[in-house]
Structure formats: structure tokens, C-alpha cells
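Enquirer: Let me begin by handing over the structure; questions about it come next.
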Amino acid sequence: MLKMIRLAGLAAALLMAAGSLGVPQTVLAQQTPPSAPAASPEPAPAPAAPVAAAPAKTTEVIENPYGLEALWKGGDIVARITLGILVIMSMGSWYVIITKVYEQARMGAQARATEKTFWRAPSVRQGAEGLKSGSPFRFIAESGLEASSTHTGLLGNVDLNTWVGMSLQRAIENVQSRMQDGLAFLATVGSTAPFVGLFGTVWGIYHALTAIGIAGQASIDKVAGPVGEALIMTALGLAVAVPAVLGYNWLIRRNKVAMDQVRGFGADLHAVLLSAKSASPVAARG
């Protein structure tokens, strides 16, 4: 009985092993999880679109409605005449300053040339001829020579020292007068330009009051134009007067230095002419 039970268990075990070996492959394939599909190649990135350049910054120019141009266009005949007078004064002042500085520099160069050449000449005549034409030192030397040569007749009754000294003094004063040409214009501009600008200021304020009276109210748009015109006239008057005054004082100082050189030359020439005149009669007697 026991033997039969063992045989029945062995047979059951064999049947179970045979069943596991005969499982269809399809069932196993169904139990296996599907593999992930192959990754498709990614498309190439599209080229980036060109970045548009930033627009250039533009500066808006706002026209000043109260400047010089507006003053000339919107001003009446009185304002334009006042502005024209100030412009003429300014141009004349700068012309005088530039020309006088040039003349003074040229005179300084002529003074240095006179010191180098004139006093080394054998005679006053030859020394004067060696100087440039138009030089004030040559003019003074020729005036002294003419005075010493014309000391005859009625002029011979005058002492030679006095006569030559008077002739040289007149020549020096003539040079000084020429050196002061234009300085009176600078003095006039320096003293009158502020008052011309003040006249323009008063005229602009008058227009401002007129605009207020017509409008009936003191709004800024009614007053800004005439008041701006008045302030511009004041500034122009000062801008014209200040360079004229400074230039006048500076040129006066430079003229003083130049005239000191001229007077020194005249004094030395006076002594040379007197010594040459006194030596000539002695040579004639010998």
C-alpha cells in the first residue's frame, strides 16, 4: 500500500515537470516587457534669426525762442539798431587791440635792431640810413640831423642845444601821438557800451510792460520774450565794455615801456649831435 502511494506521488511530480517545460514561447514573450523603441535622431536646430540692430539714439534739438536769433527776428528797429551798435563797437575794439599789439611788437624789434646797429655806425647819417624805413628811431634820427643842418639864419640866434632838443622833442611827441592812435576809441567803447546795453534793457522792459497791458495778465509766455531781450542787451553791453577797458589799460602800459625806449634813444642822440657839431668847428680850424 505504501509502495503504491510513493508511485502515485512520483507520477504527479513528473507530470508537473513536463507541464512547465511545455509552456509556449508566446506566453513567455507576452510576460516579457516590451523594449523601448530606438530613439529617432533629433532634428538640427534652426539657425538663429539675425538680431536687429538697435536704432541709433537721436537727440532732438529744441530751438531757443529767446536767443539772439529770436531777438534779431522778433525785435523792432530800435532793438536791431542797438544790437548793431554793440556789434560795431566790439569789432572795432578787437581790431584796435590786435593792430596795436602788432605795432608795439614791431617797435620793440626795431628798438633792439637800433641798439645793435645804430650806435656802431661811424656817423649819425650812416646809422640812420641803416635803420628800416618807417622806423620811429630813424624818424627821430633824421629829425635831429635836419635840426643840426638847418641851424642857420634866424634859427642861428637860438642856442644849438635848445634848437636840437626842441626838434627831437617834437619828433618824440609825434611818435607818441601815433602810438596812441585807437586808444581813444577803446576808452569810448569801455565807457559807453554798458549804457548802450542799458538802453536795450530799458527798451525790452518797456515791451514787457506793453505785452502785460495788452494781455491783461502777467503770464510767463507774454513776458519771457521782452525780458529775455532786455537781459541779452545787458549782457552784450558788458561783453563789449570789459575787453575794451582791459585792452586799453594793457596797451597804455605797453606804450609806456615803448616810449621809455624812444626817449632814451632821443636823449643819447641829442648828446651825440651836440658833440659832433662842436667837434666840426675845431676840425675846421685845425
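Enquirer: Arrange the following residues from fewest to most other Cβ atoms within 10 Å of their Cβ: His207, His151.
Expert: His151, His207
Enquirer: Among Ile214, Ile97, Ile88, which comes first, second and so on when ranked by fewest other beta-carbon atoms within 10 Å?
Expert: Ile214, Ile88, Ile97
Enquirer: So, in nm, how far is label Lys256 from label Ser191 when the simple model puts each one 7 Å beyond its Cα toward the Cβ?
Expert: Those two pseudo-labels are separated by 1.9 nm.
Enquirer: On to the next question. In whole angstrom, note down how far apart the Cα centers of segment 126-161 and segment 194-211 are.
Expert: 58 Å
Enquirer: Counting other beta carbons within 10 Å of each Cβ, put Val175, Val245 in order, fewest first.
Expert: Lowest to highest Cβ neighbour count: Val245, Val175.
Every read-out reported here was derived from the displayed coordinates using simple, explicitly stated rules and does not represent laboratory data. All figures in this text were calculated on a predicted structure; none of them were measured in a lab. Cβ atoms come from the backbone with ideal geometry, glycine included; neighbour counts cover every protein chain shown.
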